[in-house]
Amino acid sequence: FSRLAGESSVTGALWAIGAFYLFMALRHRRWSDWALAGFFWSYNLYFYPSGKMIVPLAGLVTLYALVRWRKDFFRRYALGFAVLWAVGLLTFMPYGIFSAQDNWNAFTGRANETSIFSPQNQAPTFQRYGLQYDPMWAGQSVVQNFATNPVAWSGLLYQQTRETLDALYRRPDHVFYYRIDLHGGTVFQPLWAVLALLGLAYAVWKVWDARYALALIWFAVGLSAGILTIDTPNLQRFTGAWPVAMLF
């Protein structure tokens, strides 16, 4: 265990610190901010498994910046994002070498155990919501499943998303990591839940403003760690999205 740890609270902190330096980098374009964003985001890969969603988060943020600023992206931000990715890769390298020697089991093992797309998890997840499932789907890849059964899989993702979002204000944790006796075990007490949902709606309305768009990407990717895994809502997997939920 000298190279890995399972603590989830560190993951949420590192996502937030990395996001802070990213916002600073986009505003001031200092090389140190780009480097620190890449370091803190990549460093969280050493902690709780849901922290690995930082890789698609960084990818979506880069893509958004390219779409949002188009030609200005290459003039103002391209080199900065290159620094972010380079520092992130360097930070990940010791873990990457360690995991590669183990056929990447250390890096992908927990995801394979809990993903709703893993063959052993597909049937129980569909049955949880009373949705129709064909056992033949377990032998197909994720792309094949969506290509041949888009309605069924979209319905499953909708149910998973609803269950996960309900944990903000409506239902307690499905497992035992965040069971509390106050306000029905939900993430927010009622007043804070109203404010958070209004803030989320306002951010969607202001999505072309990069500040809100990047916050929404942060929230959506952090939340997807619960949406794409079994036993949702599992609020320990929500750790990446929790800091930005407080901003909303």
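The values are calculated or read from the model by the stated rules, or taken from the named source; none is laboratory data. Just so you know, these numbers come straight off a predicted model, no measurement behind them. Methodologically, a virtual Cβ is constructed for each residue, glycine included, from the backbone with ideal geometry; neighbour enumeration extends over all protein chains shown. Please note that ligands, DNA and RNA were not included when accessible areas were found on the heavy atoms of the full protein model with its side chains. Shrake-Rupley method; radii C 1.70, N 1.55, O 1.52, S 1.80 Å.
A few remarks follow.
- Flag for Leu89 being more than 21 Å from Ser224 (Cα to Cα) and over 14 Å from the mean Cα position of the chain (by Cα): yes
- Filter pass, Gly12 being part of a helix (DSSP H, G or I) and either open to solvent by 60 Å² or more (accessible area, probe 1.4 Å) or closer than 12 Å to Val83 by Cβ (or both): no
- Meets criteria (under 19 Å from the mean Cα position of the chain (by Cα) and not acidic (Asp, Glu)) for Met53: yes
- All helices (runs of 4 or more DSSP H) inside the stretch 136-248 with 1 or more residues being hydroxyl-bearing (Ser, Thr, Tyr) and surrounded by fewer than 17 Cβ atoms within 10 Å (Cβ to Cβ): 142-148, 150-166, 190-205
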